[in-house]
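Here's the structure we're looking at; comments come further down.
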Amino acid sequence: MFRKVHLYLTMLCAGITTGIILVMSLLYLYLSEKELYENQFRSFQNDINTIATSLEQQSVISMEWLAKMESRGGYTFYALDNGVPFLYNRLTNVSDISDPPDLLDVCLAAYQASDDYTYIQEELNSGGLYNTCFHAEFPFNPTGGKHEYYAGVIELDKGSSSLQVVVLSPLHFLQEQLSRQRIRFLLIDMAAILLLTLFAFFFTGRLLEPVIESRKSQAAFVAAASHELRTPLAVILSAAECSRNADKEHRIKFLDTIRQEGMRMTSLVNDMLTLSASDSQNISIHPAPVELDTLLINACEAFEPLAAGKKQALTVTLPESALPPCTADADRIMQLLTILLHNAVSYTPEGGSIGLSLIYRKNHFFLSVSDTGPGILPEDRKKIFDRFYRAEKSRSAKGHFGLGLSIASEIVKLHHGAITVSDRVGGGSVFTVMLP
């Protein structure tokens with residue numbers, strides 16, 4: 001399931017980013033190409049204006065001058081004297097259109113049909129050899145395509161004689177430049193899309209990791225809870241079956257067994273409900289000023305009979321100076337101490353010792369519970385606060401379900417503190433709780 005979700009999220013992220021990249025690239029190309037054509041047209045207009053000014057000052061137009069002007073701007077010139085084409089036209093210019101009329105005739109026809117074109121024109125009072133000078137520039141597409149030529153027509157009049165010069169600027173060089181730009185953009189976009197797809201794949205995978213871990217933890221939690229409930233249920237059912245045909249004395253023993261296993265199940269269910277409330281952030285605390293030294297003394301007194309039954313020495317060490325109150329939930333802190341002390345008493349052998357201590361340093365309280373038990377291996381310390389985790393397989397025989405330290409960790413988190421475990425000098429373990 002998560003693999004499909006991973007692929008769907010990757011496709012979604014990659015699809016959105018791909019769409020954005022393509023739209024932005026197309027928009028940029030459109031604006032860039034439009035600006036290039038406009039700049040080219042303005043440059044062509046300036047050249048036509050320069051050519052017209054030069055023509056005004058010349059009484060004779062030589063073939064050398066025409067060739068020089070053509071090569072300078074990459075243009076094609078057609079000159080007509082009173083409508084008669086110059087010999088230069090036939091010697092140097094070849095029509096680009098296979099069917100008649102030729103390129104010059106098509107251009108002049110387009111120039112005369114001014115309603116079909118939007119072109120810029122300017123009329124000057126000539127101070128040169130001619131009476132008037134007029135020129136116009138417009139896009140010229142003889143084959144019906146787009147962006148084939150820019151055309152300029154210059155007309156100079158002197159009395160009854162006239163000179164007409166047609167200048168064509170082919171745009172295939174600009175189109176080749178734009179084609180190369182489009183190819184570059186295509187390659188860049190393809191590379192960007194590939195990189196973004198890979199990034200989306202790894203990024204969505206990282207996003208799903210907590211969800212996958214949570215799902216695995218949930219499945220492990222359900223499996224472990226089912227396993228823990230199965231044993232007391234089996235004992236209860238077995239005791240209930242045996243009590244049917246048992247005498248009064250044995251029936252009472254079976255009922256005691258059922259009661260004990262029922263209490264174990266109740267304890268397990270209560271612990272699971274506590275952790276469930278913590279997961280849904282519904283577990284509540286009621287902070288208030290608390291005397292932690294008093295709580296430690298009360299916890300020590302509560303566990304003294306249990307420790308005495310196992311011949312264990314239970315001691316409490318408190319600072320000699322008065323301590324400030326700690327803002328905390330007294331009931332939750334007492335529950336925390338109960339969990340730690342219960343574990344210490346359970347895993348400390350007979351004749352061992354258990355110690356409680358309280359230290360106040362740098363505006364923090366440090367509660368410690370130490371024991372002389374078997375200790376905890378370094379590889380187990382990373383998982384000791386996980387639910388249903390047991391560093392020792394025999395815990396089930398001692399009434400432990402592996403939830404106590406998980407609940408203790410949640411209580412500490414609710415108080416914005418920290419809990420750690422370390423080795424005790426001489427053997428055993430030390431659980432230390434830091435509370436602000």
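Listed values, structure above:
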| item | result |
| --- | --- |
| Among (i) 4, 14, 15, 11, 8, 6, 5, 5, 7, 9, 9, 5, 2, 0, 0; (ii) 4, 19, 26, 23, 14, 8, 5, 1, 0; (iii) 4, 19, 30, 28, 14, 4, 1, 0, 0, the entry that matches P(r) over Cα pairs in 10 Å bins from 0, in percent as calculated here | (i) |
| Residue order, fewest to most beta carbons within 10 Å, for 362, 310 | 362, 310 |
| Lys, Arg +1 and Asp, Glu -1 on Cβ, resulting dipole of the chain about Cα centre, debye, nearest 20 | 3300 |
| Per-residue ³J(HN,Hα) for region 186-203, Karplus 6.51 cos²θ - 1.76 cosθ + 1.60, θ = phi - 60°, Hz, x for Gly and Pro | 4, 5, 4, 5, 5, 5, 5, 5, 4, 5, 5, 5, 4, 4, 4, 4, 6, 5 |
| Order of 331, 371, 47, 386 - criterion: other Cβ atoms within 10 Å of each residue's Cβ, fewest first | 331, 386, 47, 371 |
| Under Karplus coefficients 6.51, -1.76 and 1.60, residue-wise ³J(HN,Hα) of region 6-11 in Hz, glycine/proline x | 4, 5, 5, 5, 4, 5 |
| Projected label distance in nm at residue 317 and residue 147, using a 7 Å step from Cα toward the beta-carbon | 8.5 |
| Relative contact order of the chain, defined on C-alpha pairs under 8 angstrom at six or more residues apart (%) | 11 |
| Efficiency of FRET between residue 134 and residue 23 - r from beta-carbon atoms, R0 41 angstrom, step 0.05 | 0.35 |
| Full-stretch length increase - residue 5, residue 424 - with 0.36 nm per residue and alpha-carbon distance subtracted | 146.1 nm |
| Residues residue 59 and residue 211, FRET efficiency given R0 of 51 Å [Cβ-Cβ distance, rounded to 0.05] | 0.05 |
| MRE, 222 nm, helices only [DSSP H, n ≥ 4, -39500 (n - 2.57), over the chain, to nearest 500] | -19000 deg cm²/dmol |
| HN-Hα J in Hz across region 353-361 - Karplus 6.51, -1.76, 1.60, θ = phi - 60°, x for Gly and Pro | 9, 10, x, 10, 8, 9, 10, 10, 8 |
| Estimated distance in nm for a label pair at residue 304 and residue 360, the labels positioned 7 Å out from Cα along Cα-to-Cβ | 2.4 |
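The numbers here are math on the coordinates, done by the rules we state, and not lab data. No experiment lies behind these values; they were computed from the predicted model shown. So basically every Cβ, Gly included, is an ideal-geometry build from the backbone, and we count neighbours across all protein chains shown.
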